[in-house]
Structure formats: C-alpha cells, structure tokens
Amino acid sequence: MRAKPLLVTIAHRLAILAYIAFALFPLFWLLKVAVTPNDLLYSEGIRLWPSRASLEHFDFVLRHSAFPVFFRNSLIVSGSTAVVVTVLASLSGYALSRFRFRGKYWLVTLMLLTQMFPLVMLVAPIFKILSPMGLTNSLTGLVIVYSAFNVPFATFLMQSFFDGIPRDLEEAAMIDGATQFVAFRQIILPLTLPGIAATLGFVFTAAWSELLFALMLISGNEQATFPVGLLSFVSKFSVDFGQMMAAGVLALIPACLFFLLIQRYLVQGLTAGAVKG
Amino acid sequence: MEYTLRRKGLPAIRPPLMKRIADASAPYLYTAPALILIVTVMLVPLVLGVSYAFRDVQLLNPFSGAFIGLGHFRALAEDEAFFRSLRNTLWWTGASVLLQFTFGLILALLLDKPFRGRALAQALVFLPWAVPSFLAGLNWAWLFNPVVGPVPHWLYAIGIMSQPANILSDPQLAMWGPIVANIWWGIPFFAITLLAALQAIPRDLYEAASIDGAGPVQRFLSITLPFLAPTIAITILLRTVWISNFADLIVVMTGGGPADRTQIVASYIFTQAFKRLDFGYASAVALVLLALLLAYSLLIVILRQWLISKD
C-alpha cells in the first residue's frame, strides 16, 4: 500500500517539473542567446549554454541603440496608464459596489460589451480621430487609448475589492459627520491597497504589452514604445540575434517584476471572488 | 445612501434640497470620468468604424470618403483571402482554446493540493502569462528559427523533419507556430482561473466522499467536474471570443504568411488598415467579424436557455 502513494507523488512532481521546464525554456533560451558572443552563436548553435558568456549585446543595446528611449517611452506610457486607470476605476468601482442607481445596469452592460468586441475594429477610426488632434505619434494619445481599453476590466476588479469591505465602516464615519467622499478616500481606499496594487500591476502589464495600436499610432523612433521599437529593430537588423534577444530580455524585466509582486494575490483574489459569486 | 433615516428614535428628517440633489447625483459623478473615456475612445470610434464600412476611406487618398453603399461587401464576397482567413480563424481558435484548456486544467489539478515548494512552482509556471505577447511571439519565432533556435534540430533529431527547417515558412505547418506560442502563453490564464474555482470547492465534500468509498476518479467526476462546470463554460466562451480576435502573435511571428496560410480575420483587418491603409475595407471586414461574434454569442445564450429549460 505504501508504494502507490509514493509513485503518485513522484509522477506528480515530474509533471510539475515538465510544466516548469516548458514555461521557462523559451525565456531561458532568450537569455542564453543574449549572452552568447557573436562568434560562438553559429558554431555552438544548440548547446544549452555557450562556452563563453558575455554581456556585449546588452552593452551595445544600452549604449548604442535607441532602446533606452523605447524603454523610457514604454515606462511613461504604462505608468501613466496604470495611474489614470486605477484612479478612474476606483471611483467607478466604488459606485458600482456601494450605490444603487438608475443607469447602473446600462453602465455594466456597456463595460461588458467593450470586453467582447474586437478592438482591432477600432484601429482605423481611432487613428482618424486622433490624427487631426495631433495625438498620433504622441505618448499622450497612447495613454488615452490604453486607459479607455483598460478601465472596464479594472472597474470590475476594484468593485470586487470594495465588495469585500463592510459598509459599516463608512456608515460609521458618515454618522460622525464625514461626507461619503471623505469616508471613501480616507477609510475605504487605504483598506483596498492590495486591490489598488493588483489593478496597477494588471494595467501596467497590459499597457506594456500592447502592440497593434502602438504600431498604428506611432511612427518613427522618437515616440516608439518597446514593442514597436523591438519589431522595427527585428525587421531592420534581422541578422543580429544576440542584440535582439538582449533587448527582449530587457523588455521582460518590468513585466516580470510586477508579476512576481502580484502573483501571490492572484489566486487568492480570484478565490475570494469565486466564493462570493 | 440613506443613512439619515437610520437614526433610531428620532423622526426621519428630510434632508435639504441641495443635499438630496448631491446624493442623487453622487453615483453619476463617481462613474462619469470612466464613462466619458469609454464613450469617446471606444463607442464613438465604433460607430465611426461602422460608417467607414459603407464609405471609401483611404488614408493616403484625400479624395476618398464618398459613400459607396455595399461596395466593400460585394468585394468581400469575392475575396478569396478573406474566406481563407475565416477558415484559419476557426482552426487557430479551436486548436488554441482546446489545448490551452486541457493543459490548464491538468496544471490546476496538479497545483490544487498543498506540497512543498508549491508557491515557487506556481510562480514559475504562471510566469509566461506576464510575458508581453509581442515578446512571446518573437521568442517562439526565434525558437523555431533553425539558425538560433533548437526546435527544428530537435524535430530533425527525432525524425519528424527531414531537415532542420523553419516551420513558420512551411505553408502546411506554419499555423502550428503561433498556436504553440499561444498555448505556452495562455495555459496560465486557464490554470489560474480553474485553480481559483478548485480551491473554492468545500474540502469536506471530498472527505465525505472518500469515507463513503469513492475512488479518485469517481471523486473527480462527481464532485470536481460539476463544481468546475460553470467556470469552465464561462472561461471557454470568453476565451474563444478573445482568442479569435487575438492577432498579436500572428502579426509578430508570420505577418499572416506564408501565402496567407496563417492569416486570421483579426490580423487581416490589421493588415488592411496598417499596411494598405484601406480603412474602409478594413472596417467592412471588421463589421463582418463583429456580426459573426455576435451570432456566436447569441447562439451560446440560446443554447444555454434551451439547456436550462430542458432540465
């Protein structure tokens, strides 16, 4: 009887390991090629680690290419989008959580619909609208577009966090004479800090990854975000794999940092929602 | 919030008019900024896009813009590339959703019970989800590239390929490239959602079942699956719509090629707008896609009603 649980345990751990290997291998390979010096790249094609590693590609990318500009642009766009969306979504999520009002049903329906229809439909009209306002080829334009795309989901996310906080708290404050907005700002918001962090993380990652609208709205290197810069780099210098992958590794850093920060709350938060729902 | 009425023992005092107006408008003030943003950046362009579908809108042609009625749709009816992209969309969506779900469910089951190092394992297997989609696409394109990537050499070594070649340039196999990348990228989403649902199943149910002598397979079929069913249904539905619109990986990895073999409708729309700058035609294709997605959603709703009424 003892042998069977042991076998099951071993099979379980092996399966987990297989998943981890599948998840990490592409990223590992990215890093491997990024540190392989050019003269070894072809001669040691599929070795798992080069006989000599170097940071020359990172050095080149950081000092002699436009990538620091792309990196900065992406940070500005993603950071601003995350802040704008989190502020707007806290307000609207709070309204959905605490008020009953006419139009609530329509608001929720509208927000759900925006999650369903293909955003690629909007590529052409948004370009046409933003272009005369001077918002194409501008980081501000991207922030506006990304904020709108992310507000609906962020609203639902914030709403679920507000739902988890008892109403008595702000009612008590209001009996003591505070207005509801003051109660919201000074009592409820500090309690939802984990939710705010999760929302910031989600939106930052989404904006950092967005490609199609950035490709359409941005032309030229000055305002390019990281995806646009990397793709134009790939099509222009498609031979220098080491440099491209070094740039790829750099693009990975902020997204992974945010992920490691929020992944602990990921299943927890969803579980809380599922138990309630 | 009608907290004024809650003062016990005192007669309810009607608040002054200004206060009542402020109270009534409060929810709208809270939601207005988000609503305005959504309407101006999503709803207005959507309506405008629908109008483009019936107009000749080309970015580089200042004389375009005239109303042409159903002209785009007539062209569309004879557009071989469009119909190929429709078939490709079905194949791309079906294979991606099915495989993501299967591997995601297995992963969720593996992570359900506590074991040493679970937190670390969970963080590692969920990591692809944090990788920006364009980078996932590039990363896999490089892995499939025989010059720097190992995959063609492995396929060659185990005898699947006669020589280490790039599957992304093989018309018969090219679609597998974006699909594999999509599976890698999308497993965590399914695993996270299903894991959350799994953890919400009351543990004592399993204990009761095993006391009653139910084996693991029986417990899975009669407890786990029924509890997961609603989550599975809703995630697969939403994911199907989402993936059929998800063009990033294809745009990055193949650009729709070779010979349109990996072009899906969403990437076709993007190509028409971005490369050919034909906004009118792109919007017409987009309108057809929207109609198909609406039909799909409607079908699901009707199917659900029918299933409920049958019980």
In sequence order, calculated HN-Hα J values of segment B:120-129 (Karplus, 6.51, -1.76, 1.60; Hz; x Gly/Pro)
5, 4, 4, 4, 5, 6, 7, 4, x, 4
How would segment A:194-260 be classified by its alpha-carbon gyration tensor: rounded, prolate or oblate, with rounded meaning a/c under 1.5 and the a/b versus b/c comparison settling the rest?
oblate
For peptide B:18-29, what's the mean number of Cβ atoms from other chains within 10 Å of each residue's Cβ?
3
Cut-off 19 Å (backbone N to label point 7 Å along Cα→Cβ of B:S64), residues of segment B:247-267:
B:266-267
Table column - 3J(HN,Hα) (Hz), segment B:261-274, Karplus curve with 6.51, -1.76, 1.60, x for Gly and Pro:
6, 10, 6, 9, 4, 4, 6, 5, 4, 4, 4, 4, 6, 8
Of all chymotrypsin sites (Phe, Trp or Tyr not before Pro) in segment B:21-121, which ones are in loop regions per DSSP and have a Cβ with at most 13 other Cβ atoms within 10 Å?
B:F63, B:F115
So which residue, out of B:A208, B:A32, B:A200, gets the largest mean-square fluctuation from a GNM of chain B using Cα contacts under 10 Å as springs?
B:A32
Counting other beta carbons within 10 Å of each residue's own, what order do A:S147, A:S235 fall into, fewest first?
A:S235, A:S147
Tell me, what is the FRET efficiency for A:L110 and B:D79 to the nearest 0.05, using R0 = 45 angstrom and their Cβ-Cβ distance as r?
0.90
Longest segment of chain A lacking chymotrypsin sites (Phe, Trp or Tyr not before Pro) that sit in a DSSP loop with at most 13 other Cβ atoms within 10 Å
A:43-236
Mean other chain Cβ within 10 Å across B:247-254 is 3
Cα-based radius of gyration of chain A once divided by 2.2 N^0.38 Å, which approximates compact folds:
1.26
Hey, for a label at B:L221 modelled as a point 7 Å past Cα toward Cβ, could you say which residues of segment B:95-115 have their backbone N under 19 Å away?
B:106
Counting only DSSP loop positions in segment A:166-251, the GluC sites (Glu not before Pro) whose Cβ has at most 13 other Cβ atoms within 10 Å are A:E222
Mind checking which of A:F58, A:T36, A:L119 is farthest towards the positive end of segment A:25-123's charge dipole, using Cβ charges of +1 (Lys, Arg) and -1 (Asp, Glu) about the Cα centre?
A:L119
Compare A:I144, A:I262, A:I20 in a GNM of chain A, Cα atoms joined below 10 Å, and give the one with the largest fluctuation.
A:I20
So, with +1 on the Cβ of K and R and -1 on the Cβ of D and E, and no other charges, what is the size of the charge dipole of the protein assembly as shown about its Cα centre, to the nearest 20 debye?
1300 debye
When chain B is treated as a Gaussian network with springs between alpha carbons less than 10 Å apart, the largest mean-square fluctuation among B:L221, B:L237, B:L109 is found at B:L221
For peptide A:5-12, compute the average count of partner chain beta-carbon atoms within 10 Å of each residue's beta-carbon.
1
In order through segment A:172-182: 3J(HN,Hα) via Karplus (6.51 cos²θ - 1.76 cosθ + 1.60), integer Hz, x for Gly, Pro:
4, 4, 6, 5, 6, x, 7, 6, 5, 5, 5
What whole-number distance in Å separates the alpha-carbon centres of segment A:101-126 and segment B:230-284?
19 Å
Sort A:V85, A:V249, A:V228, A:V69 by Cβ crowding within 10 Å, fewest neighbours at the top.
A:V69, A:V249, A:V228, A:V85
By the Cα gyration tensor axes a ≥ b ≥ c (a/c under 1.5 gives rounded; else a/b larger than b/c gives prolate, otherwise oblate), the shape of the protein assembly as shown is oblate
If amide hydrogens are placed 1.01 Å from N in the peptide plane, which non-local residues have theirs closer than 5 Å to the one on B:R55?
B:I68
C-alpha center-to-center spacing [segment A:175-251, segment B:150-210] in angstrom
26 Å
If a/c stays under 1.5 just call it rounded; otherwise compare a/b with b/c (prolate if a/b is bigger, oblate if not). Do that for chain B, with a ≥ b ≥ c from the square roots of the Cα gyration tensor eigenvalues.
oblate
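None of the figures in this text is laboratory data; all of them are computed from the coordinates on show. What you are looking at is a predicted structure, and each value in this text was computed from that prediction instead of being measured. Heads up, the Cβs are rebuilt from the backbone with ideal geometry, glycines too, and the neighbour counts pull from every protein chain shown.
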